[in-house]
Amino acid sequence: MKITAKYLTQVYRDGTYGLDDFSVEIPGGDFVTVLGESGSGKTTLLRVLAGLEKCACGELYLNGVLSKDIPLKSRKTSMVFQEYVLYPKFTVWENIRTALERYDLDEKEESARIKKVLRDFGLTEIAGQLPRDISGGQQQRVALAKAVVTNPELLLFDEPLSNVAEDMRANYMQLLLKLKADLPKTTFVYVTHNVKEALTLGNKLLIMCGGKAVQFGDAKFVLNNPYSAEVVKTLFGTQEGVDDEGKPFIFNPSTKKKIPLDTKGRALSGQPEYLTFDGSFDGKMLTFGGVSMTVDEDFPYRYLGGVKTTVGVASEKVTAQPFDGCVEIAAEQFGDKEFIIAGAKFTLKNIEGFGGKLYFPADAVTCFENGVRALAHYRAYTAECRGRIIGNKLILPCGKVPFKGKNGGVIVAVKPCTKATLDKKAGFKFQCLAEEDFGKYRLAYCKLDGFDRYLTLKTGKTLGGKQKITPDLFEISVRYE
């Protein structure tokens, strides 16, 4: 299952964030391990993927389909929790069967599925026993069998080894690796705080901090090329230092080696996956490294205009020879494989016949935010609320506004307009939960009482706290119940 998360934001009643503008794109069939400190949003992410929580803002696509349009029964998703979650009065067979209750399977197919997972996980001989009569390791396998028996396309793990003795962890990890080999098309998302565990299991590594995806990519690449200080801290702890020449480094205790860092806290090693540049985007033209290029409508961006961004060029697509439709960028060679491009030094392999410029296709260019690829996103959401029309007033939980229509119960849909102004004397009551700068404008996440989603307003100034905004800032549609 392919997962595309676009700027997911989950805000709880106490004002804390489970997810904060979380974006990532996971190809189908990967084994992704998620690392982060407590409170970084790892478990919230799993619950959102499983459909157990609905985000306040953002979009989640599963195999290209918006998740809110997929009934929970049809998600093809299973989850393995920290605890085994087994019914104490049900046998092993009956516990596994409970996972199939929401599916309309005939008795023959149901029995065949249960027998298969019992056999695959070595549980056939204890199928008739209760959880209290089997070992912890067997209970663990039963929990895993429950998740697999539904034939999921997405399998989620919430720190399943956190309560497991060290001597049993290796066996369980081998079991998971074998399971992934048997299910090559199933996407695994495995949350842990154990770095060794994450690197042993996953081919892809997702680092989370403060509810954000701060880096995602091939596990070995992320390990050797941490994007920021947060990633370095998550992977290696805080064993930082300065060498004899005054240059900063981070000590990797697993390899017993010092990794030199650049000024942004990123590791310096070998061929980078992307050549990264500071750039800007004005809505049509992307500018970086002395290059200005027009992007098409499918280009992944979410910028309001004039916003600084990090631009990445896939290094494997960079050549020294021009070709049709290529983008060219000036470069200076100062070593066998070393180049200076837009004032930055890069090591590039297999660049033959260099003549002062390098070339790459437009599709090799993308934008990044905190080391994670920016995804196409239009921050305008329609929210719904139940209300009533009495007289010439539309009465909603967030306030009353003039409205002409017949009396009775209604469903009101509200969509934010492109630019908001503030009027403290009239209009809808709302609470502004968070704001961020985008060029000369601000984006404000706002909660209207009684509405099912948060709205994002584009404003010219800080809103903050509890305010009122005029109803003409919204496109309002009403349908009668």
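The values are calculated or read from the model by the stated rules, or taken from the named source; none is laboratory data. Given the structure is predicted, the values throughout are model-derived calculations rather than measurements. No Cβ is skipped: glycine too gets one built from the backbone with ideal geometry, and neighbour counts run over all protein chains shown. These accessible areas exclude ligands, DNA and RNA; they are computed on the full protein's heavy atoms, side chains included. Shrake-Rupley method; radii C 1.70, N 1.55, O 1.52, S 1.80 Å.
Give me the distance between the Cα centres of segment 192-220 and segment 162-184, rounded to whole Å. Each part reduced to its Cα centre gives a spacing of 17 Å. Of the heavy-atom accessible surface of segment 93-208 (probe 1.4 angstrom), what whole percent is carbon and sulfur? Exposed carbon and sulfur together represent 48 percent of the surface.
Accessible surface for segment 22-68, divided over its residues, is 34 Å² per residue with a 1.4 Å probe.
Straight-line cross-link partners of residue 180 among the aspartates and glutamates, defined as a Cα under 20 Å from its Cα and at least 8 positions apart when in the same chain: 25, 30, 120, 153, 158, 159, 197, 218.
Every helix of 4 or more DSSP H residues in the chain counts as -39500 (n - 2.57), and over all residues that averages to -5000 deg cm²/dmol at 222 nm.
What is the sum of charges around residue 205, taking Lys and Arg as +1, Asp and Glu as -1, for the other residues whose C-beta is under 14 Å from the C-beta of residue 205? Can you show the working numbers first?
On the way: positive: 42, 196, 204, 220; negative: 30, 197, 218, 230, 273.
Cβ neighbours under 14 Å give a net charge of -1.
Annotation note: GluC sites (Glu not before Pro) in segment 313-365 located in DSSP loop regions with a Cβ neighbour count of at most 12 within 10 Å are 352.
With 10 Å bins beginning at zero, the pair-distance distribution over Cα atoms of the chain amounts to 4, 16, 23, 23, 18, 12, 4, 0, 0 %.
Excluding same-chain neighbours fewer than eight residues apart, the aspartates and glutamates reachable from residue 257 by a Cα-Cα span under 16 Å are 240, 243, 244. Using Cα pairs under 8 angstrom and six or more residues apart, how large is the relative contact order of segment 1-101, in percent? Reported as a whole number, the value is 29 percent.
What's the local net charge at residue 111, with K and R +1, D and E -1, over the other residues with C-beta under 13 Å away?
Numbers: positive: 97, 108, 113, 115, 116, 119; negative: 94, 106, 107, 109, 110.
So the surrounding residues net to +1.
Multiplying the residue separation of residue 193 and residue 83 by 0.36 nm and removing their Cα-Cα distance gives an extension gain of 38.0 nm. Peptide packing: for 400-406, 44-50, 288-294, the average count of neighbouring Cβ atoms within 10 Å per residue gives the ranking 44-50, 288-294, 400-406, highest mean first. Amide H to amide H distances under 5 Å link residue 333 with 340, where only residues 5 or more positions off or on other chains count and H is placed in the peptide plane. Would you tell me the accessible area of residue 351, worked out with a 1.4 angstrom probe on the heavy atoms of the protein chains, in Å² to the nearest 10? Surface accessible to solvent at residue 351 totals approximately 30 Å². Residues whose amide H falls under 5 Å from that of residue 453, counting only those 5 or more places apart or on a different chain, are 384, with hydrogens built in the peptide plane.
In Å², and per residue, what accessible area does segment 73-118 have when probed at 1.4 Å with the other protein chains present? Could you put the intermediate results ahead of the total?
Working: 2940 Å² over 46 residues.
With all protein chains present, segment 73-118 gives 64 Å² per residue.
Among the lysines of segment 48-120, pairs at least eight places apart or on separate chains and with Cα atoms under 24 Å apart come to 13. Counting only residues at least eight positions apart within a chain, or on another chain, the aspartates and glutamates with an alpha carbon under 17 Å from that of residue 429 are 384, 449, 452, 472, 475.
Can you tell me which of 22-34, 201-213 comes out highest on packing, and rank the rest after it, using the mean Cβ neighbours within 10 Å? Please list the in-between numbers first.
Working: 22-34: 20.5, 201-213: 23.2.
Answer by packing, highest mean first, reads 201-213, 22-34.
For segment 1-72 and segment 337-370, compute the distance between their C-alpha centroids and round to whole Å. Between the Cα centre of segment 1-72 and that of segment 337-370, the gap is 33 Å. Converting phi to 3J(HN,Hα) with the Karplus coefficients 6.51, -1.76 and 1.60 and the offset θ = phi - 60°, segment 308-322 yields 6, 8, 9, 9, x, 10, 4, 5, 5, 9, 7, 10, 9, 10, x Hz in sequence order, with x at every glycine or proline. Normalised by the number of residues in the chain, the average gap of Cα pairs under 8 Å and 6 or more apart makes the relative contact order 12 percent.
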